[in-house]
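Report on the structure given below.
Each reported figure results from applying straightforward, stated rules to the coordinates on display, with no laboratory input. Fair warning: this is a prediction, and the values are worked out from it, not measured in the lab. Glycine gets a Cβ as well: all are built from the backbone with ideal geometry, and neighbour counts include every protein chain shown.
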Amino acid sequence: MIIDIKYGKEGVQKVDIPDRNYIGTFYPKDVKCGDPDEVIGESIDNPMGYDSLSKFLEGGKDVVFIVNDGTRPTPTAKVLDALSKRMDLRRARYLIATGTHRDMTPEEYDFVFGRHYEKLKDRIITHNAKESECINLGMSKNGTPMEVNRIAVEADRLVIITSVEPHYFAGYTGGRKSFLPGVASFRTIEANHRLAMRKEAQSLILEGNPVHEDMMDALEVVKDKEIFSIQMVLDRHQHIYRVASGSLNPAFDRAVEWANEVFSVPIPEKADIVISVAPYPMDVDLYQSQKALDNGKWALREGGRIIMVSKCREGIGHATFLTQLSSSKDPDRVLENLSKEYKLGYHKAAKMAEIAVWADICAVTDLDHEIIRSANITPFPTVADALSEALGQNPDAKVIVLMDGSVTIPRVEADE
């Protein structure tokens with residue numbers, strides 16, 4: 001079976017998987033999508049918890065939209081298209097929820113704002129976790145200082161545009177995540193992400209997930225604030241499947257149900273080899289591409305091999321997690337080192353080291369091979385090379401391909 005593996009924005013790597021080894025290629029589920037303008041418009045016009053968007057905006061003197069940055073597939077521009085028929089977009093300011101990410105590139109600004117960018121660019125503010133002025137909202141139940149961008153806190157009308165899919169330690173993206181960590185201080189994000197080191201912090205889990213609880217605590221402090229959300233669930237082609245609009249938490253809960261319909265994917269059995277792809281734009285760097293590893297582990301047998309495929313267009317990402325991964329050739333020792341202190345990025349190293357304890361990790365990237373080796377990951381120039389070596393060691397190995405590994409959560413059918 002010859003499979004075309006996505007590599008970067010437009011690249012493809014071909015790999016030939018013998019039929020006797022091949023279990024299958026798995027994507028988020030195919031779902032029926034309508035016209036995006038109609039789907040978005042119908043949702044906005046029938047919001048949960050509000051009479052209408054116009055009623056919500058009525059009397060608002062400081063309207064602020066929080067939007068995702070360009071490393072997320074959220075089709076913000078399509079939402080702005082729909083909104084432009086219902087309001088004057090220049091009435092609002094636009095705060096980009098970068099978290100700890102770098103500022104966006106010109107290409108990413110065009111992707112996020114589309115045809116509206118030139119008209120709105122003087123209304124756009126990019127959150128900077130280390131430099132933006134933040135207001136302290138107190139401490140969360142888990143001891144996280146809740147410091148959030150002053151612009152978001154003081155807005156008298158807040159609109160959040162986001163997308164909802166599984167997230168490897170927050171349970172799901174979307175909703176509350178735009179507020180914290182999206183526009184929170186570095187200190188807050190670091191404290192929140194430290195909770196990702198706990199076992200309860202994993203994909204699809206909200207109840208008892210300390211990272212999710214932290215985010216909800218931040219919203220509880222500002223519960224009297226007027227917040228209108230537009231939360232999208234995309235299909236595997238990044239087309240809009242469903243949209244939940246209105247009150248933040250009810251809309252988030254509805255979107256989570258739809259996200260499960262798309263991204264929780266049944267597989268017949270676990271495999272000895274899992275090829276997990278981080279597709280564009282999730283392939284920005286190794287730090288972000290780690291999600292493809294974490295999701296891929298759910299399809300992998302103990303003692304197996306996972307092959308992460310990601311161009312890593314901008315390099316490593318946060319260097320701190322690579323430093324920790326490189327601290328020992330023994331993943332158990334890496335985990336021991338990580339338990340002694342925490343800096344932002346260590347949770348990524350922990351999640352990767354946890355996999356390395358019971359499986360082999362390989363990677364096909366544009367990164368320097370020595371850098372990859374230092375992180376206890378075996379580099380290969382192509383997917384075909386990585387698979388060839390794996391099958392050479394185990395000719396009977398069963399193979400699964402996750403073409404959208406960053407957002408696909410494989411589940412053995414018996415566990416469904």
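List the pair-distance distribution P(r) of segment 214-259, using every Cα-Cα distance, as the percent of pairs falling in each 5 Å bin from 0 up to the bin containing the longest distance, rounded to whole percents.
5, 22, 23, 23, 13, 9, 4, 1
So how far, in whole Å, is the C-alpha centre of segment 343-416 from the one of segment 37-83?
When both Cα centres are located, 38 Å separates them.
Given H placed on each backbone N at 1.01 Å, which residues far from residue 167 in sequence or on other chains put an amide H within less than 5 Å of it?
Residues meeting the amide H criterion: 172, 173, 204.
For segment 28-124, what does the alpha-carbon gyration tensor say about shape, rounded, prolate or oblate, given a ≥ b ≥ c as the root eigenvalues, a/c under 1.5 as rounded, and a/b over b/c as prolate?
Note, shape of segment 28-124 comes out oblate.
Can you list the lysines whose alpha carbon sits under 24 Å from that of residue 55, skipping same-chain ones fewer than 8 residues off?
78, 85, 223, 225
Against the globular-protein guess of 2.2 N^0.38 Å, express the Cα radius of gyration of segment 189-313 as a ratio, rounded to two decimals.
1.22
Can you tell me how segment 36-262 classifies by the Cα gyration tensor, rounded, prolate or oblate, using a/c under 1.5 as the rounded cut?
Here segment 36-262 falls in the rounded category.
Using 22 Å as the Cα-Cα cut-off, could you pick out the over-long pairs in 6/29; 130/297; 29/348?
130/297; 29/348
For a test of the definition: using alpha carbon positions, the gyration tensor, and the 1.5 limit on a/c, classify segment 267-326 as rounded, prolate or oblate.
Verdict is oblate for segment 267-326.
Test of understanding: in a Gaussian network model of the chain with alpha carbons linked when under 10 Å, which of 320, 74, 98 would top the mean-square fluctuation ranking?
In this elastic network of the chain, the residue with the biggest mean-square fluctuation among 320, 74, 98 is 320.
Once Rh is set to the Kirkwood radius over Cα pairs, what Stokes-Einstein translational diffusion coefficient, in µm²/s, holds for segment 1-62 at a temperature of 10 °C and a viscosity of 1.306 mPa s?
Estimated diffusion coefficient is 95 µm²/s.
For the chain, set up a Gaussian network in which alpha carbons nearer than 10 Å are linked by springs, and say which option among 208, 296, 24 fluctuates the most.
208
Provide the per-residue ³J(HN,Hα) series for segment 258-263, in order, calculated from phi with Karplus coefficients 6.51, -1.76, 1.60 and θ = phi - 60°, each as a whole number of Hz, with x at glycine and proline positions.
Each residue's phi maps through the Karplus curve to give 5, 4, 5, 4, 9, 9 Hz.
Provide, in order from the shortest bin, the percent of all Cα-Cα pairs of segment 127-208 in each 5 Å bin, continuing until the bin that contains the maximum pair distance.
Pairs per bin, as whole percents: 3, 15, 23, 25, 20, 11, 3, 0.
Roughly speaking, what is the centre-to-centre gap between segment 182-228 and segment 116-155 when only Cα atoms are used, to the nearest Å?
Taking the Cα centre of segment 116-155 as reference, the centre of segment 182-228 is 15 Å away.
Which one, 132, 8, 237, is farthest towards the positive end of the dipole of the chain when Lys and Arg carry +1 and Asp and Glu -1 on their Cβ?
The residue sitting most towards the positive pole is 132.
For residue 27, enumerate residues with amide H under 5 Å from its amide H, sequence gap 5+ or separate chain, H modeled in the peptide plane.
Residues meeting the criterion, in which the H sits 1.01 Å from N, do not exist here.
From the phi angles alone, apply the Karplus equation (6.51, -1.76, 1.60; θ = phi - 60°) to segment 274-291 and give each ³J(HN,Hα) in whole Hz, x where the residue is Gly or Pro.
10, 9, 10, 9, 9, x, 4, x, 6, 8, 4, 7, 5, 4, 6, 5, 3, 4
Which cross-chain or sequence-distant (5 or more) residues have an amide H under 5 Å from the amide H of residue 241, H modelled 1.01 Å from N in plane?
It is 233, 234, 235, by chain and number.
At 1.306 mPa s and 10 °C, plugging the Kirkwood radius over alpha-carbon pairs of segment 54-189 into Stokes-Einstein gives what diffusion coefficient in µm²/s?
This corresponds to a translational diffusion coefficient of 104 µm²/s.
For segment 327-416, state what percent of all Cα-Cα pairs lands in each successive 5 Å bin, counting from 0 Å until the bin that includes the largest distance.
With a bin width of 5 Å, the distribution comes to 2, 11, 16, 20, 21, 16, 9, 4, 0.
Rounding to the nearest 20 debye, state how big the charge dipole of segment 36-262 is about its Cα centre with +1 on each Lys and Arg Cβ and -1 on each Asp and Glu Cβ.
Magnitude of the dipole: close to 300 debye.
Largest first and to the nearest Å, give the Cα extent of the chain along each principal axis.
Over the chain, Cα extents along the principal axes are 68, 47, 40 Å.
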